[in-house]
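To start, the structure under review is shown below, and the notes come after it.
The values are calculated or read from the model by the stated rules, or taken from the named source; none is laboratory data. As the structure is a computational prediction, the values presented were derived from the model and not from experiment. Neighbour counts are summed over all protein chains in view; Cβ atoms, including those assigned to glycine, are modelled from backbone coordinates with ideal geometry. Side chains are part of the model used for accessible areas, which takes the heavy atoms of the whole protein and leaves out ligands, DNA and RNA. Shrake-Rupley method; radii C 1.70, N 1.55, O 1.52, S 1.80 Å.
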Amino acid sequence: MSDQRSCAYHVMAKPAGSACNLSCRYCFYLQKERLYAGSRARMDDRVLEAFIRQYIGSQISDEVVISWQGGEPCLMGLDFFARSVEIAESCAGGRQVSYTIQTNGTLIDDDWCSFFRKHRFLLGLSLDGPREMHDAYRVDRQGRPTYGKVERAARMLQDKGVDFNILCSVHPANAGHPRDVYRFFTNELQADWIQFIPIVERINEDGTTLLQQGDSVTDRSVEPEQWGDFLLGVFSEWIERDVGKVHVNFFESAFASWVGEPALMCIFQETCGNALALEHNGDLYSCDHFVEPDYLLGNIVSEPMGSLVSSGKQRSFGEAKRDSLPAFCKECDFLFACRGECPKNRFKTAPDAEPGLSYLCEGYRKFFSRVGEPMKLMAHLYESGHSPAGIMELLDPGGRGSGDASIRVGRNDPCPCGSGKKFKVCHGR
């Protein structure tokens, strides 16, 4: 095997392909069955070993994260993942290897929990909020609701001490209830890591849903302004009491941008191409959202993964995100935080009729414009050696905010936001 190394990259491996025991109505990956019609969607030992050995060997970091996705990866069974850990440990070569798996949770039992805890797996558990919101689209193959099984999995993971994040898709059933969704996760489930994922389903002229065709969306898709309002609704809850305690993917990434650090989400980075998808048979694709023939880089059994990742085709894919930005984006005040968003959503035209604008642009502009001031204040706190969580006390001194905020500012002191004004006439008002 070649040990050719490229830039840091991440692979989401799909050992069961698109196979799943659920039939979520907005799931774009169920369509991938057509790519491998007639194939038994299970990763065999040859592909498993090639993936892990090549992936670890081609990484430039001393810390390697092996990630499993689906479909539903737990359909592979415990023995498969036990074998994957064996292989990883045998070729780690002193590197620290950790594991993540995204799951709908319906197959998890005591044995799974023991395995996950023993090997320190981090789970991404798909849950769309309280029962009615979750069951609106997340159903099994017979169309039956799944909330009960997923909530049971969440409770079991907590009881067994297994680390997990919440993966919440945002769609018409929950988009109008941001505070209810957030309070459910933080109060009912005691979750402290939450990832929100906007559902955007493109629809073709004949009514079929295809990933990269059509400029309209299904009625399961979140509307742009609705998406911005949802993020703002969650943000208003988070900034009042949970800064530093609850981690929300969009807020963490926005904060990184405001302090001049690289965005923490690939959709907000200047270029992309460092988050790839591996199918069950060893086919490597440019991105999880571009598992289509045009974006197939090759097969890792016949060509080293490092070579495929550093290929001209993959570089062109990643650079196209930056190079195809419309002028409307380049002139936007929030380009530093948004970078045009995910290429899969850039199918609308800008006000000047130039193509390449994100479908969600209106929502993101609304969100970034409203959170600019608190982000700026948190950035100044951070840069001056204070915890960004101090914003809770600044915005609500002595009231509902954090009782142990790390900063206290006198009324006549300079405001930490950097305005040059006294705190009492700035954020102290």
**OP:** Only strands (runs of 3 or more DSSP E) wholly contained in region 231-327 count here; list those with 1 or more residues that are closer than 29 Å to E33 by Cα, at pLDDT 95 or above and in contact with a Ser or Thr (Cβ under 9 Å, 6 or more places away or on another chain).
**Re:** 275-278, 296-299
Original post:
Before we move on, is L296 open to solvent by less than 20 Å² (accessible area, probe 1.4 Å) and under 24 Å from R202 (Cα atoms)?
Top reply: no
Original post:
When the residues of region 320-372 are filtered to those that are open to solvent by 30 Å² or more (accessible area, probe 1.4 Å) and of a type in the set (G, A, S), which remaining residue is nearest to G233 (Cα to Cα)?
Top reply: S369
**OP:** Could you check how many residues of region 10-55 are of a type outside the set (A, V, I, L, M, F, W, C), without any contact (Cβ under 8 Å) to a residue 12 or more places away in the chain and crowded, with 16+ Cβ neighbours inside 10 Å?
**Re:** 0
Original post:
Does region 93-106 include one or more residues that are in a helix (DSSP H, G or I) and crowded, with 17+ Cβ neighbours inside 10 Å?
Top reply: no
**OP:** With the condition kept exactly as written, say whether any residue in region 64-79 is surrounded by fewer than 16 Cβ atoms within 10 Å (Cβ to Cβ), assigned to a loop (DSSP other than H, G, I, E, B), out of contact with any Ser or Thr (no Cβ under 7 Å at 6 or more places or on another chain) and modelled with pLDDT of 95 or more.
**Re:** yes
**OP:** May I ask you to list pairs of residues, at least six apart or on different chains, whose Cβ atoms are under 8 Å apart, with the first in region 166-183 being closer than 17 Å to G124 by Cα and of a type in the set (S, T, Y) and the second being part of a helix (DSSP H, G or I) and modelled with pLDDT of 95 or more?
**Re:** Y182/G233; Y182/V234; Y182/E237; Y182/W238
Subject >> In region 107-133, the residues that are in a helix (DSSP H, G or I) and over 30 Å from S61 (Cβ atoms) >> reply: D110, D111, R131, E132, M133
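Listed here are the residues, each with its yes/no results for (1) surrounded by fewer than 17 Cβ atoms within 10 Å (Cβ to Cβ); (2) of a type outside the set (V, I, T); (3) in contact (Cβ under 8 Å) with a residue 40 or more places away in the chain.
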residue: P224; (1), (2), (3): no, yes, yes
residue: L231; (1), (2), (3): no, yes, yes
residue: E240; (1), (2), (3): yes, yes, yes
residue: V248; (1), (2), (3): no, no, yes
residue: V259; (1), (2), (3): yes, no, yes
residue: F268; (1), (2), (3): no, yes, yes
residue: T271; (1), (2), (3): yes, no, yes
residue: L278; (1), (2), (3): no, yes, yes
Original post:
Counting only residues that are assigned to a loop (DSSP other than H, G, I, E, B) and more than 15 Å from Q69 (Cα to Cα), how many does region 29-45 have?
Top reply: 5
Original post:
Considering region 373-391 alone, what residues qualify as being touching a residue at least 60 places away in the same chain (Cβ under 8 Å) and open to solvent by 60 Å² or more (accessible area, probe 1.4 Å)?
Top reply: K376, Y382, E383
Original post:
(1) assigned to a loop (DSSP other than H, G, I, E, B); (2) under 24 Å from E261 (Cα atoms): which one isn't true of A353, the others all being true?
Top reply: (2)
Subject >> Failed condition for P304, given (1) crowded, with 17+ Cβ neighbours inside 10 Å; (2) over 30 Å from D45 (Cβ atoms); (3) over 24 Å from the mean Cα position of the chain (by Cα) >> reply: (2)
